[in-house]
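Written out below as structure tokens is the structure these notes cover.
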Amino acid sequence: MRAVEWNKSEGYLLLIDQTLLPDKHVVVSCSTVDQVVDAIQRLVVRGAPALGAVGAYGVAVAMIQAQRAGWSADQLVEQVRRVRDARPTAVNLAWGADRVTPFISQGVDAVLAEAAAVMVEDEDANRELSRLGADWILARTGRSKVRVLTHCNTGFLATTAWGTALGIVRELHLRDALELVYVNETRPLLQGSRLTAWELREEGIDYLVQVDGAAASTILRGLVDVAIIGADRIARNGDTANKIGSVGVALACADAGIPFVVAAPSTTVDLATSTGEEINIELRDGAEVTALGGVRIAPHGAKGFNPAFDVTPARLISAIVTEQGVVEPSKMPSVDNLVKEKTV
Ligand code: MRU
């Protein structure tokens, strides 16, 4: 199944529980706003495009619960806001909720139809940006087979289908143009080692999992031809928020002279945000850092610092790839032309 699905017969949201992968394959159902918000905040579902779909379907969950519970219109608005704001950094979550909100007055079927359109459009965008990204990378590196480094998880689990940065990896693999993928484990919640490695294994793609601290050395030793990451929010000037650790990869790529590529659907471009300084970086519980897999790895009482994302300045980004084209931010003052038509 997909990371996000709607159960039509029963009328609730189905999510693959990504906190339990790769060892346990559990599907959770959400029929209340509390359950949707909890799933978002615990990262049962995560990744910007997947959160966009959950934002859209979360509105439908709220509407159905409103009918059951007899909420007022104001109460419904408040519950939709809770879904929309459950995590702050990925613009897609709020975008997905906002996209379907104008349809509330037409009833839940109209909202569900719009949410289904979000799913279809996201998959189409991911497949197109993957083709464009693979073309750009092969032209830029001049290699017939590339060695890729990636961070976090940007595959089908993080989207509605196919993937963004990992979609490009899949496209390169299909073209027989992929040699190896270095997968950063992605502390503290291990989206790389748990999720990306699992997706690559399912695809039969060769990969190595490395600790995040190895990335700079792997790049400077010449073992990597290109780094490809996803995005949670791309500001108007091209500054890009993504999983904590991304900017370190970008700095190493800049020093090594290899391309650092950001891949995202245009729904992740936020024209209302001028620069990365305006992006709200989610600060998560420090206990996620001082423990690993539920086991304490720091002294009793140690406090953790746990920003979930960082911002890579546009000057360090070789290319931003969306379904609408490839922009090289270091050569351009603005990414406005990434988005031909956009509902914010
Ligand atoms: O905290 P997460 O797991 O939601 O963070 C996800 C990322 O940083 C991804 O790289 C980003 O959302 C792009 S997913 C295609």
Where the eigenvalues come from the Cα gyration tensor of the chain, what are the semi-axes √(5λ) of the equivalent ellipsoid, largest first, in whole Å? 32, 23, 19
Under-29-angstrom lysine pairs by C-alpha in the chain, whenever the two are 8 or more apart or on separate chains: 11
Quick one: net charge around Y182, please, counting Lys, Arg +1 and Asp, Glu -1 for every other residue with C-beta under 12 Å from its C-beta. -3
From the Cα centre of the stretch 282-336 to that of the stretch 66-98, the distance in Å is 25 Å
Could you tally the net charge around I279, taking each other residue with its Cβ under 14 Å from the Cβ of I279, Lys/Arg +1 and Asp/Glu -1? -3
Given a 1.4 Å probe, the accessible area of the chain per residue, as a whole number of Å², is 41 Å²
Provide the gained length on full extension for the span K24 to D135, in nm with one decimal, where the gain is 0.36 nm per separating residue minus the Cα-Cα distance. 36.4 nm
Translational diffusion coefficient of the stretch 29-160 at 4 °C, 1.567 mPa s, Stokes-Einstein with Kirkwood Rh over Cα pairs, in µm²/s as a whole number. 81 µm²/s
A chain fully extended from K145 to A177 at 0.36 nm per residue, minus the present Cα-Cα distance, gains in nm 11.1 nm
Mean Cβ neighbour count within 10 Å, used as a protection proxy, ranking 43-53, 18-28 highest first: 43-53, 18-28
In whole angstrom, note down how far apart the Cα centers of the stretch 220-273 and the stretch 3-25 are. 29 Å
Can you tell me the relative contact order of the chain? Whole percent, Cα pairs under 8 Å, sequence separation 6 or more. 16 percent
Whole-percent carbon and sulfur share, accessible surface of the chain, 1.4 Å: 51 percent
What FRET efficiency would be calculated for the residue pair A272, V295, taking the C-beta separation as r and a Förster radius of 51 Å, to the nearest 0.05? 0.80
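Express in nm, to one decimal, how much length is gained between E328 and K8 on full extension, taking 0.36 nm for each residue of separation and deducting their alpha carbon distance. Walk me through the intermediate numbers first.
Numbers: separation 320, 0.36 × 320 = 115.20 nm, distance 4.21 nm.
That works out to 111.0 nm of additional length.
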At R0 = 30 Å, FRET efficiency that the Cβ-Cβ distance of S105 and R127 yields, to 0.05: 0.35
Can you tell me the relative contact order of the stretch 212-344? Whole percent, Cα pairs under 8 Å, sequence separation 6 or more. 29 percent
Could you state the angle between the C-alpha long axis of helix 108-141 and the longest principal axis of the C-alpha atoms of the chain, as a value from 0 to 90 degrees rounded to the nearest 10? 0 degrees
Taking the dipole about the Cα centre of the chain, with the C-beta of Lys and Arg at +1 and of Asp and Glu at -1, give me whichever of A113, Q65, G204 is farthest to the positive side. G204
Computed [θ] at 222 nm, helices only, for the chain once each DSSP H run of length n ≥ 4 contributes -39500 (n - 2.57): -11500 deg cm²/dmol
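The values are calculated or read from the model by the stated rules, or taken from the named source; none is laboratory data. What you see is a predicted model, and the numbers here were worked out from it, not measured in a lab. Please note: Cβ atoms are built from the backbone with ideal geometry, for glycine as well, and neighbour counts cover all protein chains shown. These accessible areas exclude ligands, DNA and RNA; they are computed on the full protein's heavy atoms, side chains included. Shrake-Rupley method; radii C 1.70, N 1.55, O 1.52, S 1.80 Å.
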